[in-house]
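In what follows, a single structure is set out as structure tokens and then discussed.
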Amino acid sequence: MAGQVATGSRRGLRSALPLLLPAYLWLTVAIFLPLSAMVFFSFMTELPLSGKAWSFTLDNYASFFSQPLYLTLLAASLRLGLEVTLWCVVIGYPAAYVLAKVLRGRSREAIFLLVILPFWSNGLVRIFSWAMVLREGGILDTALNAVLPFKINIDLMYSYPAVIIGLVHSYVPYMVLTCYLTLQAIDDSLIEAGRSLGASRLQMLKRVIIPLSMPGLVAGAALIFVPVVGSFMEPRILGGRTGTFYGTIIEDQFVAVFNWPLGAALSFILLAVVLVILALASPVLRRAA
Amino acid sequence: MRMPKLTAFLTATAVFASALAATADEVHVLNWKGYGADEPWAIAAFEKATGNKVVNDFFNSEQEMLTKLRTNPGLYDVVMINAAFNDQALAEKLIQPIDVSKIPNYADISPDKAGSPMLNHDGKVFGVPWVWGLTALAINEKAFETPPTSIGEMWNEAHKGRVTIRDDAVEAVQFGAIATGQNINDIKDMEAVKAKLTSLMPQIRTFWSSENDWNQMVASNQIDIGTYWSGSADRAKTHFKLPVSLVIPGEGAVAWLDAFSIPVGAKNVAGAEAFINYMIDPKFYVEWVTKVGAPVSANAKAVAALPEDAFNRKVMGDPEVAKRIQFQAPITDAQREAYLALWQELKVNVK
């Protein structure tokens with residue numbers, strides 16, 4: 001019996017191989033090889049490109065622990081990741097619910113298009129347009145002052161809130177899409193059954209809708225949290241003097257001083273920390289999902 | 001933001017090196033983007049005059065430039081190197097001696113630049129001085145009735161939240177050295193520099209990294225004063241008609257010298273010599289200053305060809321200014337990393 005299953009699955013694998021090959025070939029060439037090169041770099045004293053003598057060392061990893069600077073920044077970046085994820089849930093989940101359960105037909109397509117639209121524009125363009133909106137004398141400031149009877153001064157540019165706004169805008173579509181998929185899969189008859197049994201709207205949400213859509217929420221949160229922790233472009237452009245995060249100092253190591261080994265080591269520490277967080281969270285999340 | 005470019009260049013250079021086995025009459029030039037050598041009118045004039053075709057490639061930092069030279073031996077014919085990096089390029093055997101007799105305009109280069117010990121080794125010339133300039137202060141003219149004269153204006157409470165400084169560790173530390181009255185190439189009291197820069201942080205609105213950042217902030221009236229490059233301030237005023245003027249503070253300013261070198265293994269040395277000669281020619285320089293705005297030419301005749309009241313002639317040529325400025329000397333990798341550590345610490349503590 002067991003043997004039969006084994007041969008069966010092996011035959012399945014053989015026929016699946018041509019289908020899997022392109023994806024795995026691509027992953028090997030585009031992700032696995034460069035990543036292994038970076039792991040290799042992170043243990044070196046110098047880049048071999050520079051023509052200087054190099055040797056293996058653990059110093060790059062040690063410097064993370066010897067300088068409080070890196071820990072402070074990592075904490076700041078993790079906090080940024082949590083805050084952005086939270087705002088994405090607050091904004092994205094209701095939107096996904098309306099898309100999945102309230103709107104139908106044309107209007108759903110139109111709203112869906114609006115949600116996807118930011119994906120079609122370049123990230124830098126998005127961030128620079130926020131710069132025009134948020135600064136003093138910018139679009140938001142001018143528009144509000146034109147409408148309001150009293151004078152207010154809105155200058156969000158180069159601040160922590162500006163970074164949050166820019167990142168939430170970039171990543172909220174992920175949350176909308178993942179939640180939309182799980183919310184749409186909820187059978188309407190379950191909702192009707194709950195209603196007919198006398199559940200209030202809040203009870204429906206707490207007992208039926210949120211638990212059933214949890215996988216979408218979790219997937220969206222992971223998709224958003226991980227890249228935000230390592231983000232460097234948005235903080236640099238929108239954050240001004242408060243825009244130094246873990247991602248920006250990794251960028252500095254690569255671009256400004258060409259210390260690739262240290263930059264690589266810092267990146268892998270970030271990767272490890274993120275993996276640990278996801279691993280610690282996974283039992284909780286799995287139960288929830 | 002700069003990372004995609006970086007990875008793109010790593011893959012692109014591999015393709016480049018194999019596919020573009022440079023033909024003899026092509027001149028491959030490596031320089032900053034938007035820095036004279038890629039002006040379309042200049043390339044057209046040079047190509048017409050010499051029959052060489054110019055192929056431009058760019059770098060975003062001196063380290064990137066050195067890496068491009070290391071990883072692409074034989075690809076480039078001309079490279080623009082800040083004189084402070086000439087030593088390092090030579091030590092790594094990336095550049096070759098230049099036969100200046102093939103470059104007629106070399107004779108007109110002012111002797112203090114041509115004779116710079118950073119560009120000459122064992123009686124051989126490894127860099128032809130092109131232009132020099134200052135990292136000084138620039139002001140938003142709308143914010144000042146009379147231009148300030150002291151570097152201390154950056155710390156003036158009146159400009160709180162309206163000051164900018166470049167996000168560059170070396171520039172920031174050397175700026176701090178000038179503000180504390182020290183020699184930028186021999187900083188004795190690093191603690192004083194750190195304390196001075198720490199007290200500057202609350203004044204700062206944001207850090208700039210490109211000319212475009214600076215000009216945008218002035219155009220939208222977000223800053224009053226900040227560190228800026230002399231050539232860029234000139235470009236902002238001439239080309240973009242912005243209310244920007246350069247201030248060379250009484251305490252001094254950081255000066256840099258940019259020079260052209262020929263990489264080891266260049267395939268078109270004759271074309272490289274012709275290109276360098278063209279770049280230091282007075283005719284090109286005057287056109288560059290008038291049309292676009294530029295730093296100061298190292299060629300004395302080129303500067304003399306400017307109108308008498310031109311900023312690059314009147315102010316930058318002033319002997320009083322010459323006394324105040326300090327030219328950047330080479331710095332070691334260890335110093336650079338120490339400066340970066342200091343700078344990052346300052347930026348983190350401000351949070």
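The values are calculated or read from the model by the stated rules, or taken from the named source; none is laboratory data. Values in this document were obtained by computation on a predicted structure and should not be read as measured data. Reconstructed Cβ throughout: ideal geometry from the backbone, glycine too, with neighbour counts over all protein chains shown.
Side notes on the structure shown:
- Subset of the range B:301-314 (residues that are in contact (Cβ under 8 Å) with a residue 24 or more places away in the chain and buried (at least 18 other Cβ atoms within 10 Å of the Cβ)): B:ALA302, B:PHE311, B:ASN312
- Some residue of the range B:225-237 being over 18 Å from the mean Cα position of the chain (by Cα) and surrounded by 22 or more Cβ atoms within 10 Å (Cβ to Cβ): yes
- Answer from B:LEU75, B:LEU119, B:LEU94 - the residue that is touching a residue at least 12 places away in the same chain (Cβ under 8 Å) and within 14 Å of chain A (Cβ to nearest Cβ): B:LEU94
- Residue within the range A:181-200 that is without any contact (Cβ under 8 Å) to a residue 60 or more places away in the chain, part of a helix (DSSP H, G or I) and under 20 Å from the mean Cα position of the chain (by Cα) present: yes
- For A:ALA131, the stated conditions do not hold, so it cannot be described as away from every other protein chain (no Cβ under 14 Å) and not acidic (Asp, Glu).
- Of the set (1) surrounded by 17 or more Cβ atoms within 10 Å (Cβ to Cβ); (2) more than 30 Å from A:ALA131 (Cα to Cα); (3) at pLDDT below 90; (4) touching a Phe, Trp or Tyr at 6+ places or on another chain (Cβ under 9 Å), all apply to A:LEU278 but (1).
- Some residue of the range A:221-232 being under 30 Å from B:VAL163 (Cβ atoms), assigned to a helix (DSSP H, G or I) and in contact with a Phe, Trp or Tyr (Cβ under 8 Å, 6 or more places away or on another chain): yes
- Any hit, the range A:255-278, residues being out of contact with any Ser or Thr (no Cβ under 9 Å at 6 or more places or on another chain), away from chain B (no Cβ under 12 Å), β-branched (Val, Ile, Thr) and farther than 30 Å from A:ASP59 by Cα: no
- Lone qualifier among A:ARG108, A:ARG126 - being closer than 30 Å to A:LEU217 by Cβ, touching a His at 6+ places or on another chain (Cβ under 8 Å), free of Cβ contacts under 8 Å to residues at least 60 places away in the same chain and in the same structural domain as A:ASP188 (by TED's automatic domain parsing): A:ARG126
- A:VAL102 vs. criteria over 30 Å from B:ASN349 (Cβ atoms), more than 14 Å from every other protein chain (Cβ to nearest Cβ) and crowded, with 16+ Cβ neighbours inside 10 Å: no
- Residue in the range B:189-206 that is modelled with pLDDT under 95 and within 21 Å of B:SER61 (Cβ to Cβ) present: yes
- Selection of the range B:194-211 for residues being assigned to a helix (DSSP H, G or I) and either hydrophobic (A, V, I, L, M, F, W, C) or under 24 Å from A:TYR160 (Cβ atoms) (or both) yields B:ALA195, B:LEU197, B:THR198, B:SER199, B:LEU200, B:MET201, B:PRO202, B:GLN203.
- Residues that are part of a helix (DSSP H, G or I), closer than 24 Å to B:PRO97 by Cβ, assigned by TED's automatic domain parsing to the domain that holds B:PRO104 and not charged (D, E, K, R) occur in the range B:279-297; there is at least one.
- Which listed residue, of B:ASP167, B:ASP189, is surrounded by fewer than 17 Cβ atoms within 10 Å (Cβ to Cβ) and not basic (Lys, Arg): B:ASP189
- Members of the range A:58-93 found to be closer than 28 Å to B:ARG70 by Cα, in contact (Cβ under 8 Å) with a residue 24 or more places away in the chain and more than 14 Å from chain B (Cβ to nearest Cβ), listed by number: A:TYR61
- Total residues in the range B:203-212, condition surrounded by fewer than 19 Cβ atoms within 10 Å (Cβ to Cβ) and more than 9 Å from chain A (Cβ to nearest Cβ): 3
- So B:TYR76, is it touching a Lys or Arg at 6+ places or on another chain (Cβ under 9 Å) and at pLDDT 95 or above: yes
- Residues in the range B:298-351 that are in a loop (DSSP other than H, G, I, E, B), more than 16 Å from the chain's Cα centre (by Cα) and more than 10 Å from chain A (Cβ to nearest Cβ): B:ALA305, B:LEU306, B:PRO307, B:GLU308, B:ASP309, B:ALA310, B:VAL315, B:GLY317, B:ASP318, B:THR332.
- Failed criterion for B:GLU64 (all others in (1) under 18 Å from the mean Cα position of the chain (by Cα); (2) surrounded by fewer than 17 Cβ atoms within 10 Å (Cβ to Cβ) hold): (2)
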